[in-house]
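Asks: Encoded as structure tokens, here's the structure I'll be asking about.
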Amino acid sequence: MRTKITVRSFEQVLQILRDNQFDVRQVPGVAGQIAVGKYGAAAILAPNPKYTAKTGADGEQHPVIWITSPGWVLRGTLSRLVDHGNQKLFETPAARIAATADALKAIHRFSEELREAIGEPSLYNESLGTVSNSYMYDRVKGREPEAPAANDH
């Protein structure tokens, strides 16, 4: 069974977010981008310039696009969640801290509520928990290719 996608205008989405106690603000110095926050998490959204009633009716485009995926607000800056194999970290250009279970739960809850307000389906793999922005496993970083064994002829 196909999941139904609810198509709402960008303005309708912003009003739904405001009605559900999301902090909705214009990104300073960037036309058309909106910072949306709740529970200490945030994301940046914008109207989709490629969206038209025709592309929306075909299901090809959605009126809202994600400029950044949801992250934790760290010292006033939206951080990225980076998985280092043994630990998840919130990273900004100026700071790096360990991700706590409460912060990860908050990002997950924020993401689910934001998707619902936008009218996007909740994907199975994302509904299981928080998805990292990148994966930087130490054991792989700088790994050299294995040299051939001495007995190989």
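The values are calculated or read from the model by the stated rules, or taken from the named source; none is laboratory data. Here the structure is a predicted model, which is why all the values come from computation and not from measurement. Cβ coordinates were reconstructed from backbone atoms using ideal geometry, including for glycine residues, and neighbour counts include every protein chain displayed.
Asks: In this structure, is residue 13 at pLDDT below 95, among the aliphatic types (A, V, I, L, M) and closer than 17 Å to residue 112 by Cα?
Replies: yes
Asks: Further question on the same structure: Could you list, in sequence order, the residues of the range 82-109 that are in a helix (DSSP H, G or I) and touching a strand residue (DSSP E or B) at 6+ places or on another chain (Cβ under 6 Å)?
Replies: If the condition is that a residue be in a helix (DSSP H, G or I) and touching a strand residue (DSSP E or B) at 6+ places or on another chain (Cβ under 6 Å), then 103, 106, 107 are the ones that fit.
Asks: Taking the options 77, 68, 52, name whichever one is at pLDDT below 85 and either surrounded by 18 or more Cβ atoms within 10 Å (Cβ to Cβ) or of a type in the set (S, T, N, Q) (or both).
Replies: 52
Asks: Okay, next question. Residue check: is residue 147 modelled with pLDDT under 65, among the hydrophobic types (A, V, I, L, M, F, W, C) and at negative phi?
Replies: Details: modelled with pLDDT under 65: yes; among the hydrophobic types (A, V, I, L, M, F, W, C): yes; at negative phi: yes.
Considered against the rule, which asks whether it is modelled with pLDDT under 65, among the hydrophobic types (A, V, I, L, M, F, W, C) and at negative phi, residue 147 comes out as yes.
Asks: Would a scan of the range 125-134 turn up a residue that is in contact with a strand residue (DSSP E or B) (Cβ under 6 Å, 6 or more places away or on another chain) and modelled with pLDDT under 55?
Replies: Step one: list which residues in the range 125-134 are in contact with a strand residue (DSSP E or B) (Cβ under 6 Å, 6 or more places away or on another chain), which gives 132-134.
Imposing the further condition that a residue be modelled with pLDDT under 55 reduces the set to 133.
Within the range 125-134, one or more residues are in contact with a strand residue (DSSP E or B) (Cβ under 6 Å, 6 or more places away or on another chain) and modelled with pLDDT under 55.
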